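Only the coordinates and a few stated rules stand behind these numbers; no lab work does. Note that the structure is predicted; figures quoted are calculated from it, not measured. Every residue, glycine among them, receives a Cβ derived from its backbone with ideal geometry; neighbour counts consider all protein chains shown.
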Amino acid sequence: MAQMKTPGVYIVEKSAFPNSVVEVATAVPAFVGYTEKADNKGKSLSNKPWRITSMAEFYDYYGYGPKATFAVAESTGASDFSFGGKDYTLTQDAGKYLLFYSMMLFFQNGGGPCYIVSVGKYGDDVAPDKLQNGINLLVKEQEPTMVVIPDAVLLAKDDCISVQQTALAHCGGTMRNRVAVLDVWEGFKDRQDPSGDCVEGFRGALGINYLDYASAYYPWVNTTITQDKDLSSENISNHDVLQGLIKTELGLPDTAPEVAETDSPAEKSKKGKITQQIEAVNNIASDWAGLAPEDVASNKMLLNKTLVAMSPLFGKILMEIKSKLNLLPPSAAMAGIYTMVDNLRGVWKAPANVSLAAVVSPAVNITHDEQEDLNVTTQGKSINAIRTFIGEGTLVWGARTLDGNSLDWRYLNVRRTMIMLEESIKLASKAYVFEKNDAGTWTTMKSMIRNFLTGIWKRGGLAGASPDDAFSVHVGLGETMTPEDILEGILRITVLVAISRPAEFIEITFQQQMQKS
């Protein structure tokens, strides 16, 4: 209160209520990858973390998906389709970026506010140093609680692991307030694949640092993100090969047949149909020069419908392309699941036994026995399984961090709940920096923290029949501080919390009893 120097009436307002702890957001992922553009009304968003809340905002700031093209070629080994006694493969030669599709998967699975870091545009090579730089840019952002790098799996194995190790160091070493959601490199392959066990390769290369700040999921998932309407002949780069295959399939000549006056109506109709088919096949390579944009779009749509109707082979090729584009790493879907579970139940609920939206099936079907090595391993690097169950669909069947041997940090919800508690109390305690280090401040801060933890306990976030069983707060001279601590300006508070663990293994015992009647 100011000094009273002039006679008069002075009003003094006193705070009736103490400061409170506000719970921080728990599900705000940061996605790092490549986009079509990075622009906010003329201002570049390249290499700049930017917050969005919907897919519509992503379209505005970062554009749409890449134009994926595939080359059709004969194969002597594994094939995607067969025709005329020959095997063919489809190899993607352009538009190989995953961030856009991952964002759609994220929002379809309950995603909300998130950050985007665009490290390059379509046409650029996916480079590990760019992705690592994008991760490091998040140091200045306080809000993100997850880091997701779907484009990392496009790199070579060693480069992918290097990017993931950077994410681990960022989450567990630098920031300590977020977790990394990782993908297994080539996680679409079976563990018995001749090229090697992708899970063991991931575990062996990742190292042992900061494992409690990360989770990983296997296998990849087959999604419904790319639809039939999104594909056309433009998704095939070598048009000449496609034209040759369709002409062979339909038995079309190189030139249109001439219609003679002596031809019967049936012959004229047959030749007219052949002419239309030849024109449609020839238009595959057309650039539609000189037409207005709306006419070009209309012609392309009509051409695609015509080709699908007249050529089963063309439809088969498009189906194979759709299948390849819909095979996605699961990290973005899991970020959406974290958000949905946090909003519905709370961060303390394990994000498992939840179905995945926009997912048809896991890329590899895992049995109960096959999951044993994923969940519990001598190295402790637990990898959560994505499994399909009859009548239930595709479920997330695991909620462990990569530090599976740690009793403290084995479960993902324990780590994320502790991060939430630490950050919430940390931010609230800033109000008392430079306050008097005496019993008054100690009592105020202890009361503030207890009130916050009591609210968390009432909502089911802490385990215990009573608040005293769920947590305890200690502060004071001779209890948490020495006289030297006070002289050095150090105020120490010890908070003990009992965080709920998931019932991962449920044992039900049955035995027979004597007949009673």
Exercise. Based on the inverse mean of 1/r over its pairs of different Cα atoms, what is the Kirkwood hydrodynamic radius of the chain, in Å?
Worked result: 27.0
Exercise. Using a simple charge model, +1 on the beta-carbon of Lys and Arg, -1 on the beta-carbon of Asp and Glu, nothing else, what dipole does the stretch 363-494 show about its Cα centre, in debye to the nearest 20?
Worked result: 460
For this session: For the chain, give the share of DSSP beta bridges that are antiparallel, in percent and rounded to the nearest 5; count only bridges with both residues there.
Result: 60
Problem set entry | Contact order normalised by residue count of the chain, Cα under 8 Å, 6+ apart, percent | 16
Seminar exercise, completed: Final fewest-first order of L402, L303, L477 on the 10 Å Cβ neighbour count is L477, L303, L402
Problem set entry | Residues R416, R410, R191 arranged by fewest to most Cβ contacts within 10 Å | R191, R410, R416
Problem set entry | Charge tally in the Cβ shell below 14 Å around A280, where Lys, Arg are +1 and Asp, Glu are -1, A280 excluded | +2
Seminar exercise, completed: Residues other than I383 with Cβ under 10 Å of its Cβ, Lys/Arg counted +1 and Asp/Glu -1, net out at +2
For this session: Tell me what the chain gives for mean residue ellipticity at 222 nm when only DSSP H runs of n ≥ 4 count, each as -39,500 (n - 2.57), the sum divided by the residue total, rounded to 500 deg cm²/dmol.
Result: -10500 deg cm²/dmol
For this session: Can you grab the distance from the C-alpha centre of the stretch 422-481 to the C-alpha centre of the stretch 7-26, Å, no decimals?
Result: 18
Problem set entry | Relative contact order %, the stretch 228-325, counting alpha carbon pairs below 8 Å whose residues are six or more apart | 37
For this session: Could you go through the stretch 15-31 in sequence order and give the Karplus-derived ³J(HN,Hα) for each residue, using 6.51 cos²θ - 1.76 cosθ + 1.60 with θ = phi - 60°, rounded to whole Hz, and x for Gly and Pro?
Result: 6, 7, 10, x, 4, 10, 8, 9, 5, 6, 5, 10, 10, 10, x, 10, 9
For this session: Would you mind ranking L252, L496 so that the residue whose beta carbon has the fewest other beta carbons within 10 Å leads the list?
Result: L496, L252
Problem set entry | In the stretch 1-83, GluC sites (Glu not before Pro) in a DSSP loop with at most 12 other beta-carbon atoms within 10 Å | E13
Seminar exercise, completed: When the charge dipole of the stretch 434-517 is computed with +1 on Lys and Arg Cβ and -1 on Asp and Glu Cβ about the Cα centre, the Cα farthest towards its positive end, among I508, A439, G461, belongs to I508
Exercise. Which of the aspartates and glutamates could a cross-linker span from K305 if the Cα-Cα distance has to be under 20 Å and same-chain partners fewer than 8 positions apart are dropped?
Worked result: D228, D230, E234, D240, E249, E279, D287, E294, D295, E320
Exercise. Tell me, what is the percent relative contact order of the stretch 434-517, built from C-alpha pairs under 8 Å that lie six or more residues apart?
Worked result: 27
Seminar exercise, completed: Spelling it out for S75: with amide H atoms placed in the peptide plane at 1.01 Å from N, the residues 5 or more places away or on another chain with amide H under 5 Å from its amide H are D87, Y88, T89
For this session: Kindly state, as a whole number, the per residue volume in cubic angstrom of the convex hull around the alpha carbon atoms of the stretch 434-517.
Result: 175
